[in-house]
1. Show me the trypsin sites (Lys or Arg not before Pro) within the range 20-69 that DSSP assigns to loop and that have at most 12 other Cβ atoms within 10 Å of their Cβ.
2. Within 10 Å of each candidate Cβ there may be at most 16 other Cβ atoms; applying that plus a DSSP loop requirement, which GluC sites (Glu not before Pro) in the range 23-73 survive?
3. Mind checking the full-extension length gain between D44 and L77? Use 0.36 nm per residue of separation minus the Cα-Cα distance, one decimal, nm.
4. Quick check on the chain: what does the Kirkwood estimate of hydrodynamic radius come out to from the alpha carbon pairs, in Å?
5. Select from M57, T25, Q36 the residue farthest towards the positive end of the dipole of the chain; place +1 on Cβ of Lys and Arg, -1 on Cβ of Asp and Glu, and compute about the Cα centre.
6. Which one, A111, F94, L16, projects farthest toward the positive side of the charge dipole computed for the chain from Cβ point charges (K/R +1, D/E -1)?
7. Given charges of +1 on the Cβ of Lys and Arg and -1 on the Cβ of Asp and Glu, with all other atoms neutral, how large is the dipole of the chain about its Cα centre, in debye to the nearest 20?
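Derivation of every value follows stated rules applied to the coordinates shown; laboratory data play no part. This is a predicted model, so every value here is computed, not measured. All Cβ positions, glycine included, derive from the backbone under ideal geometry; neighbour counts span all protein chains shown.
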Amino acid sequence: MKEEIRKGKTNVEKLLEKPFTLKNTMPASKLREISQRKLKEMIDENEVMGLIIKDEMSITMMGMKEFEELRQYVENLEQLLDEALMVKELGENFFNTSKEQFIKLPENMSASEYREWRKGMRR
């Protein structure tokens with residue numbers, strides 16, 4: 001999904017850009033007149049439905065599949081943001097660290113000498 005977010009439009013992005021028209025909106029009072037099956041068919045056909053309450057768009061309905069895709073999309077965006085913030089923080093820490101604070105690795109050590117040296121670094 002991350003690759004989809006970076007490369008191009010996902011189903012969710014297409015869903016979010018879908019305009020509300022006369023075909024996929026209706027007054028809330030009309031809910032009393034239609035069956036549950038008809039309402040489900042309308043939602044499946046349009047992917048998203050808008051309910052108008054007191055002359056304004058108040059409620060959006062969508063199928064569970066679309067809702068799950070939307071939730072996964074948001075979670076992936078949150079993860080990308082967290083990763084970007086972590087990279088930013090690590091970069092700031094790296095560039096603000098003085099050379100003296102970096103550990104200088106010894107040269108020309110055998111593997112066993114290096115293991116002993118590492119053990120001493122942990123203490």
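1. Working: sites: K23, K30, R32, R37, K38, K40, K54, K65; in loops: K23, K54.
Counting only loop positions with at most 12 other Cβ atoms within 10 Å, the trypsin sites (Lys or Arg not before Pro) in the range 20-69 are K23, K54.
2. Numbers: sites: E33, E41, E45, E47, E56, E66, E68, E69; in loops: E33, E47.
Listed in order of number, the matching sites are E33, E47.
3. 9.3 nm
4. By the Kirkwood definition, the hydrodynamic radius is 19.9 Å.
5. It is Q36.
6. Checked the options; the winner is A111.
7. 260 debye
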